[in-house]
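Read the structure below first, then the notes.
The values are calculated or read from the model by the stated rules, or taken from the named source; none is laboratory data. Being a predicted model, the structure only gives us computed values, none of them experimental. Heads up, the Cβs are rebuilt from the backbone with ideal geometry, glycines too, and the neighbour counts pull from every protein chain shown.
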Amino acid sequence: MSISNYKPESKSNSEVRSLSAADDSATVAAPSTIDNLPAQNTATPDQLSFAHDAVLLQEAVAAVLGVKSLPENSLQASGIYVDATFGRGGHSRLLLTQLAADAQLIVFDKDPTAITVARELAAEDKRVHVIHDSFASLTESLAALGISQVDGLMADLGVSSPQIDDGSRGFSFMRDGAVDMRMDTTRGQSVAEWLEKVDDETLANVLYDFGEERHSRRIARAIKEMSRYTSTLELAEVIKVAHPKWQKGKHPATQSFQAMRIFINNELGDVDSFLEQSIPIIKAGGQLAVISFHSLEDRRIKQFLQRHSKGQYPEDEKLPMPPNRPRYFSKPKRIGPSKSEVAGNPRSRSAWLRTATRTDVVYQSEQSSESMQS
C-alpha cells in the first residue's frame, strides 16, 4: 500500500443547507453531515467541561484581523472570517468580541463534540455559522453559503487538549481508551481497525514518515505480533517495550501515536489542501494565520508561504528576471508563545504561529500559469 495514495473513507454528497434568516441553528452541514449528526445536544457535561487554554490566543486573533495587538475596546471589524478549527471555541470567542454586528464567522471542525459546542455558540450569536467537516472542504463549503472570499482565515492545527484529555478518544498513551484516534468519529476507520489490516512495511513507513520514528521497523513488527488492540495503554506498552532507546522526559510511544493519528486523519493532506485553497479564498489585504505544533506541519506552512511570498525565479537565467510564480502573500511572520504562556500552559511550548497578508495579485491556478508560460 502506498502511503501517498492513502485517502480516508470517501464521503457522500448529501444536501448542504443554505444559510438564511430562517435557519435558527445557524448551522451549515457540510456534505454527509446532516444524517450523521443528531439534532439534539448529545455531549455529556463531562465532555464539555474539559479545561482548554487556546494557544497564542491574543496573537492569532490579532493576526487574522491584521493588527499588531488587540485594543482594549472592540475593533468592530466588518467582513467574513473563518476559524477552520473551532475546537472548544477559544479563538472564535475572542474574535467575536472584535467583530461588528454585521460581520460573519464561519467555523469548521471534524469533531462531533466540538460541533456541539459550536452549535451552542451559534445559538447565542447569530453571526456564527457552523460546518461539520474538515477544513479541506473550505472552498466547497463556503460556496454552499454563497461565499467566494473572506477577510481572514485562521487555523489551529493538530489534536486539541480536550481530545487528548478524553481517554475514550484514543489520542493519549497516558489514558486508557479505545484505539480510535479519529478526529471525526462518525466516519472512516479507527486506528484499531487499520492495524488489523495493515502490513508490517506499510506500518513502519507510516511511523517513520508521519512520526519521524527512527526505530519504526522494530516497533511495527512488535505491534503486528498482536492481532487486535482494544486498549491505548496496551498499545503504548508494546511500543514502550519495543523501543530500544528512550529519550529522557519523552514517552517512547509519543512519535508512534502521533504518526498513526496524522495518518488515519489524513492531517498533512488536509493541511496542504487548505493552504492551497487559501490563495483564492482570502481577499486582497486579508490575513492568513495558522498555528502548528510539530515540524511536519510547520515546515509545510513555512515552505508554502516562502513559495508564494518570494515568487519563483527562473533558474537558468543569468539576467535579472521577474519571478514566474505570482507573489500571493506578503509580510510572512513567525510568532512563538511568550515565556508566561509556556509557564501557564506547557503544551504551548512547541507552538508556532505563521501569518501573512494576501496581496492584490489575481489568483491563477497552476495549470493556467503553466499554459501562459508555454
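Side notes on the structure shown:
- Lone unmet requirement of (1) buried (at least 23 other Cβ atoms within 10 Å of the Cβ); (2) assigned to a loop (DSSP other than H, G, I, E, B); (3) hydrophobic (A, V, I, L, M, F, W, C) for Met154: (2)
- Qualifying residue in the stretch 163-175 (condition: under 21 Å from Ser92 (Cα atoms), surrounded by fewer than 24 Cβ atoms within 10 Å (Cβ to Cβ) and aliphatic (A, V, I, L, M)): yes
- Qualifying residue in the stretch 234-249 (condition: free of Cβ contacts under 8 Å to residues at least 40 places away in the same chain and among the aromatic types (Phe, Trp, Tyr)): yes
- Checking each residue in the stretch 273-305 for being buried (at least 18 other Cβ atoms within 10 Å of the Cβ) and in a strand (DSSP E or B) picks out Ile282, Gly286, Gln287, Leu288, Ala289, Val290, Ile291, Ser292.
- Among (1) out of contact with any Phe, Trp or Tyr (no Cβ under 9 Å at 6 or more places or on another chain); (2) part of a helix (DSSP H, G or I); (3) surrounded by fewer than 16 Cβ atoms within 10 Å (Cβ to Cβ) - the single one Met226 does not satisfy: (2)
- Yes/no for Asp176 being out of contact with any strand residue (DSSP E or B) (no Cβ under 7 Å at 6 or more places or on another chain), acidic (Asp, Glu), part of a loop (DSSP other than H, G, I, E, B) and not assigned by TED's automatic domain parsing to the domain that holds Trp352: yes
- Screening the stretch 245-261 for residues that are surrounded by 10 or more Cβ atoms within 10 Å (Cβ to Cβ), outside any helix (DSSP H, G or I) and not polar (S, T, N, Q) and picking the one that is modelled with the lowest pLDDT gives Trp246.
- Within the stretch 85-112, being out of contact with any Ser or Thr (no Cβ under 9 Å at 6 or more places or on another chain) and under 20 Å from Ile291 (Cβ atoms) holds for Gly89, Gly90, Ser92, Arg93, Leu94, Leu95, Leu96.
- Of the strands (runs of 3 or more DSSP E) that lie entirely inside the stretch 61-145, not one contains 2 or more residues that are modelled with pLDDT under 95 and either of a type outside the set (A, V, I, L, M) or not assigned by TED's automatic domain parsing to the domain that holds Lys283 (or both).
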